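Here's the structure we're looking at; comments come further down.
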Amino acid sequence: MNLIEVQNLSKYFGDIRAVDGINFSVKEGEIFGFLGPNGAGKTTTIRMLTGVIDPTSGHIKIFGQPFLKKEIKIKQKIGNVPEMANVYVDLTGLENILLIGELYGVPKAVRKERAIELLKKFELYPRRDQKAKKYSKGMKQRLLLCMALVSEPELLFLDEPTTGLDVKSSTIIKDLIREYNEKGTTIFLTTHDMHVANDLCERIAIMNQGKIVGLNTPENLKKIIQEEQVIEITFKEPVNEKELRNHLSYKSIESVKKRWRIVVEDTHQSIINITEFAKSNNLKIEKLQTTEPHLEDVFLKIIEESNK
């Protein structure tokens, strides 16, 4: 069963077409990833799917019912953590959750019990009576998830839930996303973190310039560039990037500190060229290995192709 069905969905802001006739569905019980560069139309799409704004044209069905922003009963089955959301900083962690529980009609008899359970799961219980203004960014993000889950939604929208967080908060959130999904919650996940998308999502849609330009499982998406290989190399000394680029034939190349990641078609010849480059520039190679393409490589290729 499809929990979300989107047909020919478009949104205009004046003459600007933010979303351009997109079609996709989200299956009941899956974690569905929604990826794209900044300005691709992701946030506008999510705002339509969560009833913040209505589409200019097209149709949305959620739980098999037509959905617009006035559909209050459907909204009560949805949890939402937008990227720019914030907690009520002058309330305690516990008070934040209880307030949202009341707004979503959670019975008073179970409201506090659920709040306490969530605070414990997200490792916030010891700070439950502290005002949220004293919480770290990671703690606030965990609290937002508690607030979204107190109504026990059947469908949960998460927009960049792990961005900019410390390792502890990020790990807690990822583990609990899995846990709630295993209990039956359908999750619509927007993220720039390709590792999170690869690890959590059963299917992924890639959006660019208002259109869906790719949709499949992570493994099937990677097959798009299966003929390509990735060389990861670390030099001991600083490298002149322009000279390295001029010396190699590559699909893409990027660096993080001293580690270079190069997508190539001919691995053997590329390794020979890298070795020659290092020798002629008196560089020491500390590490060199080949790997299969990552989801990030596929994402970049799909975006590049769709920009042509």
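The values are calculated or read from the model by the stated rules, or taken from the named source; none is laboratory data. Keep in mind it's a predicted model, so treat the numbers as computed, not measured. Reconstructed Cβ throughout: ideal geometry from the backbone, glycine too, with neighbour counts over all protein chains shown.
Tabulated values for the structure
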| read-out | value |
| --- | --- |
| Any hit, segment 177-191, residues being acidic (D, E), surrounded by fewer than 16 Cβ atoms within 10 Å (Cβ to Cβ), out of contact with any strand residue (DSSP E or B) (no Cβ under 7 Å at 6 or more places or on another chain) and without any contact (Cβ under 8 Å) to a residue 60 or more places away in the chain | yes |
| A18, sole failed condition from (1) exposed (fewer than 15 other Cβ atoms within 10 Å of the Cβ); (2) of a type in the set (G, A, S); (3) assigned to a strand (DSSP E or B) | (1) |
| Residues satisfying the stated conditions in segment 26-59, i.e. part of a strand (DSSP E or B), crowded, with 16+ Cβ neighbours inside 10 Å and within 21 Å of the chain's Cα centre (by Cα) | V26, I31, F32, G33, F34, L35 |
| Qualifying positions in segment 293-308 - of a type in the set (D, E) and under 17 Å from S255 (Cα atoms) | E296, D297 |
| For R142: the one exception among (1) basic (K, R); (2) at pLDDT 90 or above; (3) surrounded by fewer than 21 Cβ atoms within 10 Å (Cβ to Cβ) | (3) |
| Elements of type helices (runs of 4 or more DSSP H) in segment 81-180, at least 3 residues being in contact with a Pro (Cβ under 9 Å, 6 or more places away or on another chain) | 137-149 |
| Residues of segment 262-293 that turn out to be buried (at least 18 other Cβ atoms within 10 Å of the Cβ) and either within 30 Å of the chain's Cα centre (by Cα) or charged (D, E, K, R) (or both), as a count | 4 |
| Residue among S306, S252 that alone is under 23 Å from N38 (Cα atoms) and without any contact (Cβ under 8 Å) to a residue 60 or more places away in the chain | S252 |
| Verdict on N208 being surrounded by 18 or more Cβ atoms within 10 Å (Cβ to Cβ) and either more than 9 Å from G33 (Cα to Cα) or at pLDDT 95 or above (or both) | yes |
| Any chance E296 is within 30 Å of the chain's Cα centre (by Cα), surrounded by fewer than 14 Cβ atoms within 10 Å (Cβ to Cβ) and not in a strand (DSSP E or B) | no |
| Residue within segment 259-279 that is on the phi > 0 side of the Ramachandran plot and either touching a strand residue (DSSP E or B) at 6+ places or on another chain (Cβ under 9 Å) or not aliphatic (A, V, I, L, M) (or both) present | no |
| Strands (runs of 3 or more DSSP E) wholly inside segment 250-293 containing at least 2 residues that are over 15 Å from N240 (Cα atoms) | 259-264, 285-291 |
| Residue identified as assigned to a helix (DSSP H, G or I) and either among the acidic types (D, E) or within 30 Å of L283 (Cα to Cα) (or both) among E243, E237 | E243 |
| Residue count for segment 198-234, restricted to those that are of a type in the set (S, T, N, Q) and either part of a strand (DSSP E or B) or within 19 Å of I285 (Cα to Cα) (or both) | 4 |
| N86 of a type outside the set (A, V, I, L, M, F, W, C), free of Cβ contacts under 8 Å to residues at least 12 places away in the same chain, within 16 Å of D159 (Cβ to Cβ) and surrounded by fewer than 19 Cβ atoms within 10 Å (Cβ to Cβ) | no |
| Test for L283: is it assigned by the TED database to the domain that holds I233 and on the phi < 0 side of the Ramachandran plot | yes |
| Test for D175: is it farther than 25 Å from L300 by Cβ and among the acidic types (D, E) | yes |
| Residues of segment 45-85 satisfying the condition of being of a type in the set (S, T, N, Q) and within 17 Å of V26 (Cβ to Cβ) | T45, T50, Q65, N80 |
| Selected residue [of a type in the set (G, A, S) and in contact with a Gly (Cβ under 6 Å, 6 or more places away or on another chain)] from A148, A109, A115 | A148 |
| Residue within segment 119-136 that is surrounded by 18 or more Cβ atoms within 10 Å (Cβ to Cβ), within 19 Å of the chain's Cα centre (by Cα) and in the same structural domain as E95 (by the TED database) present | no |
